[in-house]
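S.K.: Mind looking over this structure? Questions follow.
Laboratory data are not the source of any read-out in this text; all were calculated from the coordinates shown. The model shown is predicted, which means the values in this text are computed figures rather than measured ones. Neighbour counts run over all protein chains shown; Cβ positions are idealised from the backbone, glycine included.
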Amino acid sequence: MEELRYQVDLLGAMNQKLEKEERMLRLVCDTSSNAFLYMNFEEKEVKTLANWSFFFPDVEIINMKDVAKLYSKVEERYVLPFKELLNLEKTGISISSGVVRLADGKTWVECEVSVVYDTHKNPTDKVIRFKNISKFKNQNEELTYMAYYDVLTGLYNRNYFVRHLADYVRKAEDEKRIVAVMFIDIDDFRKINDGLGLVVGDEVVQQFGQFLSTFKSENVIVSHFNADIYCIAIYDPRGTRSVEHIYKVIHERIRTPFVMSTGQEITISVSAGVAEYPEAAKSTLELINCAEIVMFKAKGSGKNAIQYFDAPILNDFLQNVTIENKLKEAVFNQNFTLNFQPQYHVGTKKLRGVEALIRWRDNDGAMISPALFIPIAEKNGTIVPIGSWVLEESIRTFAEWKRNYSENLILSLNISAIQYRRHEFVNMILGMIRKYNVSPEEIELEITESVLIENFHEVVEKLHVLRAHGIRISLDDFGTGYSSLSYLKGLPIDTLKIDKSFIDAMLTDENARVIIESIIYMVRKLGFETVAEGVESKEQYEYLEGIGCDCIQGFFMGKPMPENEIQELLSELI
Ligand code: C2E
Ligand code: CA
Ligand code: CA
């Protein structure tokens, strides 16, 4: 009896302990957001625990066979790996895990399976833990999205584009097809950004990007590189996916304005460059580069245009790059010299003065034209040291002539926009004049219309100051820019240089004659002096004399020449 009571007490105590343990286990399970599936193979028992209904609300598992009901609860592409996990015990492996997405398309689940085997390698127990990892997974997806997509437009980004274009190129190589790359850039986008604000700028980029996305198809990738730059790759272009067709549709669309969320209407134009595999380039990055280079050509020739790849454009570009690299070295080594071209009064043929023209002899002895390198120097800023050198060197030389030959001459200097824009410019000129003891009336600064147009008020203000000091101002290349006679009236200038293109056309073209005659007539009335540039023949000289042109400069009377030849010229005058 005693024995029995003892047994009962013992059982009771054990039960209590078990209950306590089970409670604890349940608590652990319930407080975690996981779900568990427990199987005991010996007893053929199956149990679902914890948060089961979150994962599989409509799946009741009562026996082993029910487990198969779970297969259809994951997305189709995960069914196979999921089955393998659920049947892990058959593989003899004791632990494994995998990630599946449920059929709702949203919930990501990590499944961890542990199997216990007996000494004969027969499975005895198995537990599967289901853990919801959607939050983490979606964040990850977002990162993947951001790695391939541009957030602003929803288009692919440059990374993706480059990768995909590489696939197109590989395929085109196999299938002997063409791949076209279209590089598109919104014209004057800076004006939109600066004038209307970044928010409007972004919205324009977004709306235009959304419009471009309509071209997306199996054989067309549309991407947004950055700012206002888009790139389209077309595999085997033809029909509605030909470059011509796409460009036409874009052109039609941008004829009507984009309407911003504020109701504001913005009209844009775009420039495009096109390069095709295999004609333009064989590699992905080269193709994109070529398309970009020719796009710049479209911009340079008036924007709102499309430019197809053309080898000379690429050569020009490469030449410019070479010049740019050499230029920095030349500035450092001061590989420049000056030439001076005489200018004469018409009629008396008296020397008026000289125009200083820079010369650059490359290390290998080749002469590089200033028409070629000055625009590059303006772009990369080297025009500042180059311009200062020209100023000092020419004024120094000029002062030397003055000491030797007491002629009243004018030194004309070409000044670029960048130089005019620098705040120390006026003081620098005045300082140089003082340093070499030349009089301001002997110095003439040449300015082109483009400089004026870009920064009208700032430049005109400076010109007034310079003229107040007695320095002469000359408007160079007149006739190539806006050439409106009406705006000349208020300009602080003394001289107007008629561009060579007019002189070239003058004798053969009636219109050019009418224009040049009225320019000279008007300019005289305004009180400016006229200088005709690029006069190459006696006939031109005589014609200009007949219509009252004041001065001429050109090969007919004298080519640009080195300093010593000018000295000879001056000594003949004595
Ligand atoms: P530009 O100021 O219009 O200079 C006149 C150009 O016409 C010079 O070319 C000159 O050699 C050329 N020329 C003069 N007469 C004749 C002629 O009868 N026939 C022909 N075919 N050409 C003639 P260059 O020296 O090659 O200079 C080209 C341009 O480079 C200049 O045009 C000017 O814009 C720029 N440049 C030259 N030197 C400087 C400089 O020191 N500073 C700056 N900023 N620009 C310069
Ligand atoms: Ca000039
Ligand atoms: Ca000129």
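S.K.: With each run of n ≥ 4 DSSP H residues scored as -39500 (n - 2.57), what mean residue ellipticity at 222 nm is computed for the chain after dividing by its residue count and rounding to the nearest 500 deg cm²/dmol?
M.R.: Rounded to the nearest 500, it is -14500 deg cm²/dmol.
S.K.: Determine the sum of side-chain charges near residue 75: Lys and Arg each +1, Asp and Glu each -1, restricted to other residues whose C-beta is under 15 angstrom from that of residue 75.
M.R.: Local net charge: +2.
S.K.: How much of the DSSP beta bridge set in the range 320-573 is antiparallel, as a percent to the nearest 5?
M.R.: 40
S.K.: Would you mind pulling out the separation of the Cα centroids of the range 164-203 and the range 314-340, in Å?
M.R.: When both Cα centres are located, 31 Å separates them.
S.K.: Taking 8 Å as the Cα distance limit and 6 or more residues as the minimum spacing, I'd like the relative contact order of the chain as a percentage.
M.R.: Normalised by residue count, the contact order of the chain is 7 percent.
S.K.: If packing is taken as the average count of other Cβ atoms within 10 Å, what order do 302-310, 210-218 fall into, highest mean first?
M.R.: Descending packing order for the listed peptides: 302-310, 210-218.
S.K.: In addition: Residue 187's amide H: which non-local residues (gap 5+, or another chain) put their own amide H closer than 5 Å, with H modeled 1.01 Å from N in plane and none for Pro or chain starts?
M.R.: When sequence neighbours closer than 5 places are left aside, the close amide H contacts are 269, 270, 271.
S.K.: Does anyone have the angle between helix 563-573 and the longest principal axis of the chain? Alpha-carbon axes, 0 to 90°, nearest 10?
M.R.: 20
S.K.: Okay, moving on. Mean separation of Cα pairs under 8 Å and 6+ residues apart, divided by the residue count of the range 477-574: what relative contact order is that in percent?
M.R.: Relative contact order comes out at 24 percent.
S.K.: Next up: Which ordering of 65, 126 is given by a fewest-first count of other beta-carbon atoms within 10 Å?
M.R.: If I rank by nearby Cβ atoms, fewest first, I get 65, 126.
S.K.: Considering only the chain, what is the antiparallel percent among its DSSP beta bridges, to the nearest 5?
M.R.: 75
S.K.: Ok, one more. Holding the Cα-Cα limit at 24 Å, pick out from 350/497; 191/500; 328/435; 171/282; 350/489 the pairs that are longer than that.
M.R.: 191/500; 328/435; 350/489
S.K.: So which of 47/83; 20/135; 83/126; 216/379 end up more than 25 Å apart by C-alpha?
M.R.: Table pairs above 25 Å Cα-Cα are 20/135; 216/379.
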